[in-house]
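Chemist: Dropping a structure here in structure tokens format, bear with me for questions.
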Amino acid sequence: MDIKVFRTCEEASAYAADLVEAVIRKRPDCVLGLATGSTPEGLYAELVRRHQTDSLDFSQVKSINLDEYIGLTGDHNQSYRYFMDSHLMNHVNIDRANTFVPNGTAVDLEAECRAYDQKWLDLGGTDIQVLGIGPNGHIGFNEPGEILHADTHIEVLTQETIDANARFFASADEVPRRAITMGMRDIMSAQQLIVLAFGAGKAEAIARFNDDQVTPDCPVTFIKLHPNATLIVDEAAAALLK
Ligand code: PGA
């Protein structure tokens, strides 16, 4: 497990962009596993900049996202489809038809979950998976608990996650209570994982990397099992790391 601590989240995001860029340059038709939330915004801004100024080419790149709120259409400004379009897809030369986010308004949500796992398989898996973490250690929307799920599934959000995400909505009441999320298998099967965490609110979750325990009460600890994972944190998130 490689742990990289940077003074600021800007420096950390630039390093994360280096890793993603290396994958795209090596394999122009790579599959990116992407995450949403405030954490990867700097990474996406940097990738857009490199597309515009360093001709980083997304024309053959494909992407598959971790999760989506149930009940929000793709044009809702808090949907993860909208987030991806506005932060990345609309600003690079990716073919939008090659970008995948679960459909949170599918009539048959179970069928959507099965189809999403099949989509991931059809793409041949992900070359590099970008992950943020929740203050409670969730990855994607795989919430802490007694068990984790391997498959793409419907997850009921914890109160902690609802509270953490309320800042994006008019009030906590408007945060959707459920989401579709990739399960642990698709996440852990990526060729390479990068986990980003910035700010003091993530310090406790990052402190779980002080030992070798892997437990579903902190899903990000499963990253310790991955042979090619890098934890990329700023000093505030690293504050409790030994
Ligand atoms: P954040 O969310 O980047 O907005 O902090 C991360 C997450 O919940 O996975």
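Chemist: Suppose we filter 48, 23 for residues that are at pLDDT 95 or above, more than 16 Å from the ligand (Cβ to nearest atom) and touching a strand residue (DSSP E or B) at 6+ places or on another chain (Cβ under 6 Å); which single one remains?
Modeler: Result: 23 is the single residue among 48, 23 that is at pLDDT 95 or above, more than 16 Å from the ligand (Cβ to nearest atom) and touching a strand residue (DSSP E or B) at 6+ places or on another chain (Cβ under 6 Å).
Chemist: Of all residues in the stretch 45-93, which are crowded, with 17+ Cβ neighbours inside 10 Å, polar (S, T, N, Q) and part of a loop (DSSP other than H, G, I, E, B)?
Modeler: Within the stretch 45-93, just 79 meets the criteria.
Chemist: Have a look at 55, 13, 59, 63 and point out the one that is at pLDDT below 95 and either in contact with an Asp or Glu (Cβ under 7 Å, 6 or more places away or on another chain) or over 14 Å from residue 194 (Cα atoms) (or both).
Modeler: Only one candidate passes the filter, namely 55.
Chemist: Okay, moving on. When the stretch 33-44 is examined, which residues are found to be away from the ligand (no atom under 12 Å from the Cβ) and part of a loop (DSSP other than H, G, I, E, B)?
Modeler: Once the filter is applied, which keeps residues that are away from the ligand (no atom under 12 Å from the Cβ) and part of a loop (DSSP other than H, G, I, E, B), the stretch 33-44 yields nothing.
Chemist: Hey, can you tell me all the residues within the stretch 164-189 that are acidic (Asp, Glu) and surrounded by 15 or more Cβ atoms within 10 Å (Cβ to Cβ)?
Modeler: Passing the criteria: only 186.
Chemist: Could you list, ordered by first residue, the pairs with Cβ atoms under 8 Å in which the first is in the stretch 61-75 and at positive phi and the second is assigned to a loop (DSSP other than H, G, I, E, B), at least 6 apart or interchain?
Modeler: 71/104; 71/105; 71/176
Chemist: Would you confirm, using the coordinates I've provided, whether residue 23 is in a helix (DSSP H, G or I) and touching a Cys at 6+ places or on another chain (Cβ under 8 Å)?
Modeler: For residue 23, the condition - in a helix (DSSP H, G or I) and touching a Cys at 6+ places or on another chain (Cβ under 8 Å) - is met.
Chemist: Do you know which of the residues in the stretch 151-163 that are surrounded by fewer than 19 Cβ atoms within 10 Å (Cβ to Cβ) and in contact with a helix residue (DSSP H, G or I) (Cβ under 8 Å, 6 or more places away or on another chain) is farthest from residue 78 (Cα to Cα)?
Modeler: 151
Chemist: Counting residues that are under 24 Å from residue 128 (Cα atoms) and within 16 Å of the ligand (Cβ to nearest atom), which helices (runs of 4 or more DSSP H) fully inside the stretch 145-242 reach at least 2?
Modeler: Of the helices (runs of 4 or more DSSP H) lying wholly inside the stretch 145-242, those with at least 2 residues that are under 24 Å from residue 128 (Cα atoms) and within 16 Å of the ligand (Cβ to nearest atom) span 184-188, 203-206.
Chemist: Tell me the residue from 59, 86, 63, 55 that is within 16 Å of the ligand (Cβ to nearest atom) and polar (S, T, N, Q), please.
Modeler: Unique residue meeting the criteria: 86.
Chemist: Has the stretch 119-132 got at least one residue that is part of a loop (DSSP other than H, G, I, E, B), away from the ligand (no atom under 16 Å from the Cβ) and at positive phi?
Modeler: Yes: one or more hits.
Chemist: Does the stretch 52-67 contain any residue that is within 26 Å of residue 184 (Cα to Cα) and charged (D, E, K, R)?
Modeler: Within the stretch 52-67 (the criterion being within 26 Å of residue 184 (Cα to Cα) and charged (D, E, K, R)), the answer is yes, since at least one residue qualifies.
The values are calculated or read from the model by the stated rules, or taken from the named source; none is laboratory data. Treat the numbers as computed from the prediction; the structure is a model and nothing was measured. Every residue, glycine among them, receives a Cβ derived from its backbone with ideal geometry; neighbour counts consider all protein chains shown.
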